[in-house]
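> Pasting a structure here, questions to come.
Every read-out reported here was derived from the displayed coordinates using simple, explicitly stated rules and does not represent laboratory data. In this text, all values refer to a predicted model and were calculated from it rather than measured experimentally. Quick reminder, even Gly has a Cβ in these numbers, built from the backbone with ideal geometry, and neighbours come from all protein chains shown.
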Amino acid sequence: MIPVVQHQWKGNLAQAREIQVFLAQKVILKPFKIKPETVLAVDVSYSRFEKCGYGVAGLFKVAFDNRRHKFHIVSEQYYTNSDTVPFPYIPGYLSFREIPILLPILSQISERPDLLLVDGAGIAHPRHLGLAAHLGVIFDLPAIGCAKSRLIGDFLMPGLESGAYEYLRTNGKRIGVVLRTKPACRPLFISPGHRCTITDAWRLIFTFCDQYRLPEPLRRVDLMSKRMRKQIEKK
DNA sequence: GCGACAG
DNA sequence: ATCTTGTCGC
């Protein structure tokens, strides 16, 4: 995969902000019409003291199960990379920490997936460009942000049953959904990243959820990146 | 000025 | 994100 949008980043916050404002204009939120057959999920975990980042991308072939209204995974393939972390964690600027680790992985993948699942925010971000939106725009791929906690937005707590949801809002405007993916477990914060709507985003995420809180592709990629960290640090 | 703050 | 065991609740 080759990025559609390129930019040279000088490493300072002010320019990072400019890049976000610029790329946020390129986000498209139009309906996602097809059923995804190939899903790419990405995640990064970190060494102790966050010196080194371990990036994993999982390419999943999925099939839709009409009876259960869920997807199941037909095949999976993982791509990995580890590198020193180029940027500290600053809320609102996660992209500049994780994208440099993820780019070398994504360039190895020849196939273009139907959908990108990202562990982080989509447009539910102070400048409407969370990690999922950033990746979606630079690769021009449909992308969904699936965060385990809230970055921005107001919401009512959804009911305790699986599938219960409430909208995430800023200034009364809907920017995502707070979705209970497993009964009585902390909800997920779903927002579209690129080329899908809020409704597409949460419905797709929910079809990927089965018995765990996280959608299965993200859960597996998450496990994989933690295993990778453990193995490398054992040496 | 104060609090909030994805991973 | 990471450090960490058992334990309380749906």
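> What dipole magnitude, in Debye to the nearest 20, does chain A give about its Cα centre under +1 on Lys/Arg Cβ and -1 on Asp/Glu Cβ?
360 debye
> Something else now. Sort largest first and round to whole Å: the equivalent ellipsoid semi-axes of segment A:32-234, each the square root of five times a Cα gyration tensor eigenvalue.
25, 20, 16
> Also, I was wondering about something else. Sort A:97-104, A:174-181, A:23-30, A:2-9 by packing, meaning the average of other beta carbons within 10 Å per residue, with the highest value first.
Result, highest mean Cβ count within 10 Å first: A:174-181, A:97-104, A:23-30, A:2-9.
> I want the local charge near A:Ala41. Using Cβ-Cβ distances under 12 Å, sum +1 for each Lys or Arg and -1 for each Asp or Glu among the other residues.
Charge balance in the 12 Å sphere: -3.
> Further question on the same structure: Can you list the residues, at least 5 places off or on another chain, whose amide H is less than 5 Å from the amide H of A:Leu29, using H built in the peptide plane?
Excluding prolines and chain starts, which carry no amide H, the hits are A:Arg195.
> Sticking with this one: Kindly rank A:215-227, A:128-140 from highest to lowest mean number of other beta carbons found within 10 Å of each residue.
A:128-140, A:215-227
> Averaging sequence separations of C-alpha pairs under 8 Å and six or more residues apart, then dividing by the length of segment A:32-234, give the relative contact order as a whole percent.
For segment A:32-234, the relative contact order is 21 percent.
> Have a look at A:Gly122, A:Tyr93, A:Ser149 and report the one farthest towards the positive end of the charge dipole of chain A, computed about the Cα centre with Cβ charges (Lys/Arg +1, Asp/Glu -1).
Farthest along the dipole direction, towards plus: A:Ser149.
> List nothing, just return the count: lysine pairs in segment A:32-234, 8 or more apart or interchain, with Cα separation under 27 Å.
28
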